[in-house]
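In what follows, a structure is listed as structure tokens, so that the remarks can point back to it.
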Amino acid sequence: MEKVDGTLIEPCDNPEESFKGQQRETPWGDIQVAYFCGEALWTYLNTPFLYTYEGFKAEEIPSIHEGGETWRRLKVTFPDYVKSHTREQISCFGPDGLIRRHDYTVDILGGATGLNYASEYRDVDGIIIPTRRRIYAYEGDYQLVKEPLLVSIDMGEIALA
């Protein structure tokens with residue numbers, strides 16, 4: 001981790017490895033927070049566009065019904081060169097073609113599960129972006145565990161460069 005001027009704040013050659021042995025109660029260091037947020041937010045903000053990158057493999061799997069809608073599902077295998085929660089993830093799309101939920105496990109957290117609900121879409125320079133994310137655990141066949149809410153993300157001002 002460096003300052004803008006390149007001054008080293010905290011060294012860590014392999015932030016992914018620093019998660020080994022983590023327990024739910026184990027506090028995270030600054031490097032771990034930065035690594036996890038970078039890995040997660042890059043994926044969340046670039047889905048589904050990143051699925052067009054070289055090396056991604058996608059296949060449609062059976063739809064599900066949730067909240068009175070039918071959601072089409074796309075199982076995506078990430079290439080090795082992309083750091084993300086796990087190699088295989090599922091994106092669920094509503095009838096309007098917008099992502100409703102992103103399902104995955106988190107390898108660096110021992111396979112912790114995540115149902116990442118996307119909502120409150122906003123048009124930003126012609127790109128439709130979900131500005132609200134709520135992430136919960138799941139059990140079995142993607143059955144929502146409502147408590148506790150694991151992650152809450154609300155995006156205010158968004159600009160594309």
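Here, each number is a calculation from the coordinates, and none is a lab measurement. In this text, all values refer to a predicted model and were calculated from it rather than measured experimentally. Glycine also receives a Cβ, built like all others from the backbone with ideal geometry; neighbour counts cover every protein chain displayed.
Observations
- Most mobile of Phe93, Phe49, Phe36 in a GNM of the chain (Cα contacts under 10 Å): Phe49
- Choice from Ser63, Ser84, Ser119 with maximal GNM fluctuation in the chain (Cα, 10 Å cutoff): Ser63
- Cut-off under 5 Å, modelled amide H: who pairs with Ser63 long-range: Arg73
- Computed from the Cβ-Cβ distance with R0 of 25 Å, the FRET efficiency linking Tyr121 to Gln23 stands at 0.10.
- When the Cα positions of Leu50, Thr70, Trp28 are compared along the charge dipole of the range 1-135, Thr70 comes out farthest toward the positive end, with charges on each C-beta of Lys, Arg, Asp and Glu.
- Anchor Lys146: lysines whose Cα lies under 25 Å away (excluding residues fewer than 8 positions away in-chain): Lys75
- Net charge contributed by nearby residues that have their C-beta within less than 15 Å of Phe78 (K/R +1, D/E -1): -4
- Packing-based order for 151-160, 68-77, 104-113, 134-143, using average beta carbon neighbours within 10 Å, highest first: 104-113, 68-77, 134-143, 151-160
- Test item: Cα-centred dipole of the chain, Lys/Arg +1 and Asp/Glu -1 on Cβ, debye: 420
- Residue among Arg132, Arg87, Arg122 with the largest mean-square fluctuation in a Gaussian network model of the chain, springs linking Cα atoms under 10 Å: Arg122
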